[in-house]
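*Asks:* One structure, pasted below without further comment.
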Amino acid sequence: MHKHNNPSIFGVYNIFLEAKRNNRTDIANSATTISRYEYNGTLLKDYEVFTKSSLHFNKITEAFYNSFINYCILEKKHSANTLRRNVGLLKIFLNWAFDNGHTFKSDFKKFKSPKAQITDEVALTFEQVKEIYEFNFKRN
């Protein structure tokens, strides 16, 4: 286990992102997942600006967690499922930081994930997309 001299949560987040980007093993993340991690980093920076406070590992408490969830729901208008995914990605980062000696604070391990919601999202078949694409709207 090694500890970096950079106490900044964002400095550590960048190290985490590089580790994810450079992982070439069979458990490597997809480009989509990497972009979600990048978005989560931006989300944390936006939260920091919104709350006018600096984010440090020692501030990752239940109070932070509840404030962050409220920010995601009220300010960012995240759906329950987006919120759940982003919280999951945040916890993966925090676990990685803990396992790699960047923090010794483990409050985040007690954070409960938000409930998933059943959505009305429907995927169209290729035929349905083609039918819409080829539909002559000028007739109506």
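No lab work stands behind these numbers, since they all come straight from the coordinates. What you see is a predicted model, and the numbers here were worked out from it, not measured in a lab. Note: ideal-geometry Cβ built from the backbone for every residue, glycine included; neighbour counts use all protein chains shown.
*Asks:* In the chain, with Lys and Arg counted as +1 and Asp and Glu as -1 at Cβ, which of these residues, Pro114, Phe16, Asn66, has the Cα nearest the positive end of the dipole, that is, farthest along it?
*Replies:* Selected residue: Asn66.
*Asks:* Counting pairs of alpha carbon atoms under 8 Å apart in space and at least six apart in sequence, what relative contact order in percent does the stretch 9-114 give?
*Replies:* On the way: 60 pairs, mean separation 32.8, N = 106.
Value for the stretch 9-114: 31 percent.
*Asks:* As a test of the formula, what do you get for the chain when each DSSP H run with n ≥ 4 contributes -39,500 (n - 2.57) and the sum is divided by the residue count, at 222 nm and rounded to the nearest 500 deg cm²/dmol?
*Replies:* On the way: 5 runs with 72 residues, N = 140.
Dividing the helical sum by the residues of the chain leaves -16500 deg cm²/dmol.
*Asks:* Mind putting a number on the dipole of the stretch 50-99 about its Cα centre? Charges go on the C-beta only, +1 for Lys and Arg and -1 for Asp and Glu, and I need it in Debye to the nearest 20. Display every interim value, and only then the final one.
*Replies:* Values: 7 positive and 3 negative charges, 38 e Å.
That gives a dipole near 180 debye.
*Asks:* Identify all aspartates and glutamates with a Cα-Cα distance to Lys20 below 14 Å; exclude those on the same chain that are fewer than 8 residues away in sequence.
*Replies:* Excluding near neighbours in sequence, the set is Glu38.
*Asks:* Now a separate question. So how do Ile9, Ile27, Ile73, Ile132 line up by other beta-carbon neighbours within 10 Å, fewest first?
*Replies:* Ile27, Ile132, Ile73, Ile9
*Asks:* Which option, (i) 25, 19, 13; (ii) 36, 20, 14; (iii) 31, 23, 18, is the value of semi-axes √(5λ) of the Cα gyration tensor in Å that was calculated from these coordinates?
*Replies:* Structure-derived value, by its label: (ii).
*Asks:* May I ask you to list, by number, the DSSP H helices of the chain whose Cα span along the axis is at least 15 Å and whose average Kyte-Doolittle hydropathy reaches 0.0 or more? Could the numbers behind the result be given before it?
*Replies:* Numbers: long enough: 9-21 (18 Å, 0.56); 31-51 (30 Å, -0.45); 80-99 (28 Å, 0.21).
Span-like helices, by this rule, are 9-21, 80-99.
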